[in-house]
1. Mind checking which lysines have their Cα closer than 19 Å to the Cα of K76? Skip sequence neighbours fewer than 8 apart in that chain.
2. Could you state, as a whole-number percent, how many of the C-alpha pairs of segment 97-137 are farther apart than 16 Å?
3. Once all Cα-Cα distances of segment 34-137 are split into 5 Å bins that start at 0, what whole-number percent is in each one?
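What follows draws every value from the coordinates through simple rules; no lab data is involved. Since this is a predicted model, take the numbers as computed values, not measurements.
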Amino acid sequence: MIPAQCALRGLALAALLAAGPAAHAACDAGPGVLRGRTPKLALAFSTAPPVIKVGELFSLQAEVCPQEDISVTGLKVDAGMPAHKHGMNYQPRVSRTGPGKFTATGLMFHMPGQWQFIFDVETPAGPERIRIDYTAE
């Protein structure tokens, strides 16, 4: 291996080590993934269908990536319209699909406008709340 390749591999390894436990593929994913974080964890999710249509049910797949050595014991998902001071007319069902991975079904935005997803990540130390804005058209 030539010295330049060694240096590049060393830099790549240093970047991975510096990223710490949050270096999960989903939490750092690209287009179509919405992300939010607290000082203790990151969360990434995508919806099915990818574009949410007003008045139609949708689901989401979320992954929680701890920034620290904490365990994720559960996830609650909700959404509301802060400007209107109301939430959804439906209560989603959340199921665990793997370590730090969850699916929520039965969500619906019943009107267009500025919505906010609300994720309560349950940990042994208490919940961590993440809010992520979304505009439904």
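1. K40, K101
2. Of the Cα pairs, 53 percent sit more than 16 Å apart.
3. 3, 13, 25, 25, 17, 11, 5, 1
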